[in-house]
1. Enumerate by residue number the chymotrypsin sites (Phe, Trp or Tyr not before Pro) in region 95-154 meeting two conditions: DSSP loop (anything except H, G, I, E, B), and at most 11 other Cβ atoms within 10 Å of the site's Cβ.
2. Only Cα pairs within less than 10 Å get springs; with that Gaussian network setup on the chain, which residue of VAL47, VAL144, VAL82 has the largest fluctuation?
3. So what is the relative contact order for the chain, in percent, with contacts set as C-alpha pairs under 8 Å and at least six apart?
4. Answer with a single label: of (i) 24.7; (ii) 18.6; (iii) 17.7, which was calculated as Kirkwood radius over Cα pairs in Å from the structure in view?
5. Sorting PHE171, PHE184 on the 10 Å Cβ count, fewest up front, what's the list?
6. Could you tell me the number of lysine pairs in the chain with C-alpha atoms less than 30 Å from each other, where the two lysines are 8 or more residues apart or belong to different chains?
7. Report the calculated FRET efficiency for LYS160 and THR196 (r = Cβ-Cβ distance, R0 = 30 Å), to the nearest 0.05.
8. Okay, helix-only estimate at 222 nm for the chain: each DSSP H run of n ≥ 4 adds -39500 (n - 2.57), divide by all residues, round to 500 deg cm²/dmol; what do you get?
Amino acid sequence: MHHYRLHLSELVTTGLSFPLPVKDVAKFERLNEDIAVNKRQPIPLYVTPHRQRKHLVNLLLLTDDETNTHHYVLVRNLSRLVRGRYKYHGKAFVCEYCLHCFAREHTLIEHLRQCYVYSPQVVTYPKPEDATLHYTAVQKEHPVPYVLYVDFETFQTPDKVGVAVHEASGFCCVRVSRVDDETFEPYLCSGPDVLTEFYRHVYAEQEDAKS
């Protein structure tokens, strides 16, 4: 630790507590305008938006679940840190946004053009007690007393840019009941303002079914 004490006067840490929580990294960057910090586990926890600053620091967060303690260590070589997850054994070109490895530098450059646009993401899996899906929408199993079947007729008219638009010209609606001896006549409608009449009729059917 004595090697780091020489540099304490170079950093502005006003109002910060250490070990530095992930949520305070942005505050540290605001206080130290020449430094950009990446805090990482094998997955990105925080990715700096200040990519053009003079210093880019990659940190690895080590945690001990038993003692609920954590510690940051400096990552000097991202390739050595993460390339073990891949089959090839040579130097890896690592994306500092998502930690994905590439065997060639030009493929990393192509990747960065897209990766920089989006925020870092990580796949999370449910806990064991939540890993089994259960059917809960039991109300959808219950049969309904009435069902409406509707058929629309339309015609096409060109809009201002010449694209065909479907306009309703009429509809037919029939109510079907679960009771065998209960039948209803189809309702036919055609003419202007068909959609307004359709909604009026559906609401009327709803009120009639309630009674």
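Readers should treat all values here as calculations from the given coordinates under stated rules, not as data from a laboratory. Note that the coordinates shown come from a computational prediction; the quantities given were computed from them, not determined experimentally. Quick reminder, even Gly has a Cβ in these numbers, built from the backbone with ideal geometry, and neighbours come from all protein chains shown.
1. Within region 95-154, the qualifying chymotrypsin sites (Phe, Trp or Tyr not before Pro) (loop, at most 11 other Cβ atoms within 10 Å) are TYR118, TYR135.
2. Ranking VAL47, VAL144, VAL82 by mean-square fluctuation puts VAL144 first.
3. Reported as a whole number, the value is 9 percent.
4. From the options (i) 24.7; (ii) 18.6; (iii) 17.7, the structure gives (i).
5. Placing the least packed residue first, the sequence is PHE184, PHE171.
6. 13
7. 0.80
8. -6000 deg cm²/dmol
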